[in-house]
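Each remark here refers to the structure printed beneath this line.
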Amino acid sequence: FPKAFIFDLDGVITDTAEFHYLAWKKLAKELGLSIDRQFNEQLKGISRMESLEKILALDPSLSAMSNEEKERLATEKNEYYLTLIDQLQPDAILPGIEQLLKKCVEQKVKIALGSASKNAQTIVEKLGLIEYFDYIVDAGKVEKGKPDPETFTTAADYLGVPYSDCIGLEDAVAGVEAVNSAQMFSVGVGSFEHLHHADYVVEDTSELIFEDIIKQYQK
Ligand code: B16
Ligand code: MG
């Protein structure tokens, strides 16, 4: 039986991915660039600065930009993002998530957050879910972001749980990769096309049923 569930935040607990997308789109537009949802898939789960680098790479003439300027742009994006998430409330918790958290508590399975976001703690608080979490790993606690396993191994180490007893839930390609390389059981939320490398894939969070996940884990 698994001892811990480690949840990604954006795209699993709440759909802040949409707000990240809108904020990047606005910033890209100011740079004379245009991004679409397909492009946005590769920004999921990776850090703010890495996301900016991918956007800047769309235009070779932007490659000479100074680090100072990049910092300014990343901060600007975060400011847009913060205005978008300002109104975030418990009604933004994705379907099935709170039931799953309750089940974990009931079954004495530990709960951690493994997010690449520097805003993770604030978001979990706004959603009213902070009480469920035994530990939160955010961008401030790791050196290497996803797809490196550090986000997930840091959570497991803190909880004192062997990696093979952990289940990592992720919506991003880089996130599933991180869970897999931590030698944990990966649950992908989203399209099989993107997440075929996960041990178990569900289409959306309403399909994250505790018993089904356990059954797949024990297979
Ligand atoms: P911030 P997750 C990630 O959250 C997002 O998926 C990714 O798109 C974002 O760039 C990253 O957080 C950093 O977020 O700018 O708030 O620090 O999916 O790992 O929970
Ligand atoms: Mg995510």
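Bear in mind that the values in this text are calculations on the coordinates, not laboratory data. Because the structure is a prediction, the values reported are computed rather than measured. No Cβ is skipped: glycine too gets one built from the backbone with ideal geometry, and neighbour counts run over all protein chains shown.
A few remarks follow.
- Ranked by how many other beta carbons lie within 10 Å on average, peptides 101-114, 148-161, 7-20, 66-79 from highest: 7-20, 148-161, 101-114, 66-79
- Residue-span extension gain [Arg37 to Gln183] - 0.36 nm each, minus C-alpha spacing: 49.6 nm
- Kirkwood Rh and Cα Rg combined as Rg over Rh, evaluated for segment 1-81: 1.06
- Taking 0.36 nm per residue of separation and subtracting the current Cα-Cα distance, fully stretching the chain between Asp15 and Thr122 would add 37.1 nm.
- Report note on the peptides 171-181, 26-36, 195-205: ranked by the mean count of other C-beta atoms within 10 Å, highest first, their order is 171-181, 195-205, 26-36.
- Tail fraction, Cα-Cα pairs, segment 4-143, threshold 22 Å, whole percent: 41
- Taking every DSSP bridge with both residues inside the chain, close to 5 percent are antiparallel.
- Integer Hz, Karplus 6.51/-1.76/1.60 couplings in order for segment 131-138, x for Gly and Pro: 4, 6, 8, 7, 7, 10, 9, 10
- Axial C-alpha extent at least 20 Å, average Kyte-Doolittle at least -1.0 - helices from the chain (DSSP): 16-30
- Rounded if a/c under 1.5, otherwise prolate or oblate - segment 144-219, Cα gyration tensor axes: oblate
- Taking the Cα centre of segment 127-209 as origin and assigning +1 to Lys and Arg Cβ atoms and -1 to Asp and Glu Cβ atoms, the resulting dipole is close to 200 debye.
- Full-extension gain in nm, Glu131 to Asp212, via 0.36 nm per residue minus C-alpha separation: 26.7 nm
- Cα-projected label distance for Asp86 with Lys70, points at 7 Å along beta-carbon direction, nm: 3.0
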